[in-house]
Amino acid sequence: AQKVTQAQTEISVVEKEDVTLDCVYETRDTTYYLFWYKQPPSGELVFLIRRNSFDEQNEISGRYSWNFQKSTSSFNFTITASQVVDSAVYFCALSEAYRSGGGADGLTFGKGTHLIIQP
Amino acid sequence: GAVVSQHPSWVICKSGTSVKIECRSLDFQATTMFWYRQFPKQSLMLMATSNEGSKATYEQGVEKDKFLINHASLTLSTLTVTSAHPEDSSFYICSAIPRSGGATDTQYFGPGTRLTVL
């Protein structure tokens, strides 16, 4: 069975600080996909990144960066120079490549990390 | 691109009534859609996978007869909560995978529907 653990329930930092959100996953598959989503108070999920299990290169997108390490089954997310608009709940999620019998697989979400950026 | 809508955005109903929630992919076709449920301050839990033209696949513990799913076309899936009770009050979110993508393509999420059962 697959599992995603986000040990940090809530993080509060002051604006402009860097902050890292941790994500640890478990899966028996060798082919899988990892995601990060942002959920602001409005509730709508905003897609941030998708990474497949064969691509361990770290990625940077503006103030966001992701560190994927298969050796530790982690996919951590760092926000540099945080801003108040970054305040939201952030979810890490896992999808195995294919369900038994074929077809797409739904996402297994972590419990989320509530990030609070104070001005 | 890749916009998913849900209707209604919120609904309040009396216990025992049925409620239908629609999920539409606006600018793409989706052979597969998913339904998730999120209780307050909790994570999203996958309820079922909806495939166009076939029966939905439900996750363990989700009652098929209570949560009826119909994927009538490549752009529409509906979730009907039958005989709703207060414990069904939750935030229901759908997602869709573009038909042009593979089975593992990114899921695009709708804005969610908040159901309150009195």
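Only one of B:L74, B:L115 is without any contact (Cβ under 8 Å) to a residue 60 or more places away in the chain and surrounded by fewer than 22 Cβ atoms within 10 Å (Cβ to Cβ); which?
Values: B:L115 fails: without any contact (Cβ under 8 Å) to a residue 60 or more places away in the chain.
That would be B:L74, the only listed residue that is without any contact (Cβ under 8 Å) to a residue 60 or more places away in the chain and surrounded by fewer than 22 Cβ atoms within 10 Å (Cβ to Cβ).
Does B:V81 qualify as being farther than 25 Å from A:F35 by Cβ, under 13 Å from the mean Cα position of the chain (by Cα), away from chain A (no Cβ under 11 Å) and not hydroxyl-bearing (S, T, Y)?
On the way: farther than 25 Å from A:F35 by Cβ: yes; under 13 Å from the mean Cα position of the chain (by Cα): yes; away from chain A (no Cβ under 11 Å): yes; not hydroxyl-bearing (S, T, Y): yes.
For B:V81, the condition - farther than 25 Å from A:F35 by Cβ, under 13 Å from the mean Cα position of the chain (by Cα), away from chain A (no Cβ under 11 Å) and not hydroxyl-bearing (S, T, Y) - is met.
In the stretch B:1-56, which residues are β-branched (V, I, T) and more than 14 Å from B:T80 (Cβ to Cβ)? Spell out the reasoning first.
First, pick out the residues of the stretch B:1-56 that are β-branched (V, I, T): B:3-4, B:11-12, B:17, B:19, B:21, B:31-32, B:49.
Hits for the stretch B:1-56 are B:V3, B:V4, B:I12, B:T31, B:T32, B:T49.
From B:C23, B:C94, grab the single residue that is modelled with pLDDT of 95 or more, under 17 Å from A:S95 (Cα atoms), not in a loop (DSSP other than H, G, I, E, B) and not aromatic (F, W, Y). Walk me through it before giving the result.
Values: B:C23 fails: under 17 Å from A:S95 (Cα atoms).
Being modelled with pLDDT of 95 or more, under 17 Å from A:S95 (Cα atoms), not in a loop (DSSP other than H, G, I, E, B) and not aromatic (F, W, Y) holds for just one of B:C23, B:C94, which is B:C94.
Return yes or no: is A:V19 surrounded by fewer than 18 Cβ atoms within 10 Å (Cβ to Cβ) and out of contact with any helix residue (DSSP H, G or I) (no Cβ under 6 Å at 6 or more places or on another chain)?
Numbers: surrounded by fewer than 18 Cβ atoms within 10 Å (Cβ to Cβ): no; out of contact with any helix residue (DSSP H, G or I) (no Cβ under 6 Å at 6 or more places or on another chain): yes.
Against the criterion (surrounded by fewer than 18 Cβ atoms within 10 Å (Cβ to Cβ) and out of contact with any helix residue (DSSP H, G or I) (no Cβ under 6 Å at 6 or more places or on another chain)), A:V19 does not qualify.
Would you please name the residue that is nearest to A:V4 (Cα to Cα), looking only at residues in the stretch A:46-77 that are away from chain B (no Cβ under 14 Å), surrounded by 15 or more Cβ atoms within 10 Å (Cβ to Cβ) and in contact with a Leu (Cβ under 9 Å, 6 or more places away or on another chain)?
Residue satisfying both the conditions and the ranking: A:F75.
Condition check: without any contact (Cβ under 8 Å) to a residue 60 or more places away in the chain, surrounded by fewer than 16 Cβ atoms within 10 Å (Cβ to Cβ), among the polar types (S, T, N, Q) and out of contact with any Pro (no Cβ under 7 Å at 6 or more places or on another chain). Does B:S83 satisfy that?
no
Taking the criterion of being assigned to a loop (DSSP other than H, G, I, E, B) and closer than 22 Å to B:R37 by Cα, would at least one residue in the stretch A:70-81 satisfy it? Give the derivation first.
Quick first cut of the stretch A:70-81, residues assigned to a loop (DSSP other than H, G, I, E, B) only: A:73, A:80-81.
From what is left, the residues that are closer than 22 Å to B:R37 by Cα are none.
Within the stretch A:70-81, not a single residue is assigned to a loop (DSSP other than H, G, I, E, B) and closer than 22 Å to B:R37 by Cα.
The values are calculated or read from the model by the stated rules, or taken from the named source; none is laboratory data. Nothing here was measured: the structure is a model prediction, and the numbers come from that model. Counting neighbours? That spans all protein chains shown, and the Cβs are built from the backbone with ideal geometry, glycine included.
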